[in-house]
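A short write-up of the structure that comes next.
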Amino acid sequence: MTKRLFDDFNPVSAKQWKQKIQVDLKGADYNDTLIWNSNEGVSVKPFYHSDEFSELPETSNTKATQWKICQSIFVADVKKSNLKAVNAIKRGAESIKFIIPNDVVSIEDLLKNINPTSTPLYFDLLFLNNEYVKQLCAISAKTGIHIQTDIIGNLARNGNWFSNLKDDHKHFESIVKSTNTFSVDASLYQNSGANMVQQLAYSLAHVNEYLNHLDNIIESKKKQSLQVNFQVSVNTNYFFEIAKLRALRILWNTLASEYNINPDCHIVASPSTRNKTLYDYNTNMLRTTTECMSAILGGANTICNLPYDAIYHKDNEFGERIARNQLLVLKHESYFDKVNNPADGAYYIESLTNQLAEKSLELFKDIEASGGFLKQLKEGTIQRKIKESATKEQEQFDAGEEILLGSNKHPNSNDKMKHELELYPFVKINSRKTLIEPIIEKRLAEALEQNRLKTE
């Protein structure tokens with residue numbers, strides 16, 4: 001075939017399109033009518049054109065054909081958790097994330113009949129223990145083992161170090177030397193109400209604290225294979241979330257090149273809790289489906305879905321099965337594993353990606369110029385900025401501008417939930433002494449739901 005399609009048609013420039021739109025608007029202002037601004041300050045236009053790109057966007061190196069379905073398991077009972085993991089693998093889970101609360105959990109019992117060579121394993125440790133990590137490192141097939149250690153994330157979430165700054169960093173150094181990997185919990189920023197630019201900039205500043213500390217500690221050879229894991233939460237702003245994950249990879253690549261370390265990162269994505277609702281809870285399944293779709297198209301390596309009833313029910317077989325099946329349908333029936341870079345070349349997504357990356361890099365530089373992430377955490381600057389963003393979003397929700405179907409839009413007045421609560425679905429306030437003000441995760445619909453519960 002020597003003749004290209006559409007060669008008989010003259011190309012239409014962006015300027016010509018805009019002129020045509022302005023004629024159709026019949027005097028209405030183009031900018032006021034058709035351009036809107038996101039909370040991040042990103043201007044969204046009615047159309048995007050190749051004229052806006054001086055050169056074709058680079059091909060991303062993500063492989064959407066290789067994303068893994070992950071089952072998250074909190075280890076309260078070792079034998080039950082092991083059976084749950086084995087069962088989940090039989091039913092389609094391709095990786096398992098164990099959330100381990102203490103160092104008395106037997107690794108041998110937990111991993112019985114599980115092959116880490118074929119099933120990647122994530123260990124989210126809620127404690128700091130060198131010897132325990134060494135036991136995990138002794139597991140065969142280390143390439144399938146991901147140990148998620150984030151001492152700064154623990155400080156930001158809980159307000160205190162595990163022990164103290166010096167001891168935590170000492171343990172952290174030892175763990176990184178043993179595993180050649182560490183993790184950044186970026187989900188905290190999304191779930192507490194930070195906008196996307198803040199999420200990206202704080203994640204970058206967060207990881208930069210580690211890189212500064214480790215720069216002269218890790219051997220040059222090991223730097224080339226250092227594995228950094230980002231735990232990311234994804235909201236329902238579909239195209240923006242795709243762009244957010246793509247921007248994260250660009251930003252990490254930029255930062256890693258400055259330290260001459262491995263430019264590839266591993267992204268574990270899960271749906272946000274911030275927009276999940278107690279009433280009309282089945283809509284949570286719709287939200288998590290689109291959020292998982294964004295994660296796949298954005299290039300996440302592993303996706304842990306959130307059960308639709310996770311905010312008010314204890315772990316249960318039905319909710320977890322539905323969550324897993326959502327991912328199975330996306331992979332095996334919706335063909336979300338057939339194209340490596342499905343978002344590449346879409347002018348809208350490319351534009352969003354570039355804008356988010358540029359704005360985030362600018363904020364990151366401001367944080368570094370002001371002393372870095374830890375300094376701003378201790379001063380309360382990060383917490384204050386997140387609160388400002390969360391308050392703005394909350395006001396938009398209260399005014400009906402930010403919509404959660406079934407909550408502040410088309411609520412079902414006959415929906416009763418008081419007797420369904422197995423878990424307390426609202427922010428708990430426990431007075432205790434902390435080194436810094438912790439960053440608090442909070443759902444948008446909490447105040448509305450509390451009022452509804454009172455009147456049931």
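Things worth noting here:
- The ellipsoid equivalent to the alpha-carbon distribution of segment 203-322 has semi-axes of 34, 15, 11 angstrom, derived from the gyration tensor eigenvalues as √(5λ) and listed largest first.
- Accessible surface, per residue, of segment 176-250 when the full set of protein chains is kept, probe 1.4 Å, Å²: 28
- Charging the Cβ of each Asp and Glu at -1 and of each Lys and Arg at +1, and nothing else, the dipole of the chain about its Cα centre rounds to 820 debye.
- Applying D = kT/(6 pi eta Rh) to segment 1-133, where Rh is the Kirkwood radius over alpha-carbon pairs, T corresponds to 4 °C and eta to 1.567 mPa s, the Stokes-Einstein value obtained is 62 µm²/s.
- Rounded percent of accessible protein surface that carbon and sulfur make up, the chain, 1.4 Å probe: 50
- Seen against the Cα atoms of the chain and their longest principal axis, helix 238-259 is set at about 60 degrees.
- √(5λ) per eigenvalue of the Cα gyration tensor, the chain, largest first, Å: 35, 28, 25
The values are calculated or read from the model by the stated rules, or taken from the named source; none is laboratory data. Here the structure is a predicted model, which means the values were calculated and not measured. Here Cβ is always computed from backbone atoms with ideal geometry, including for glycine, and neighbour counts include all displayed protein chains. The accessibility values were calculated without ligands, DNA or RNA, using every heavy atom of the protein model including side chains. Shrake-Rupley method; radii C 1.70, N 1.55, O 1.52, S 1.80 Å.
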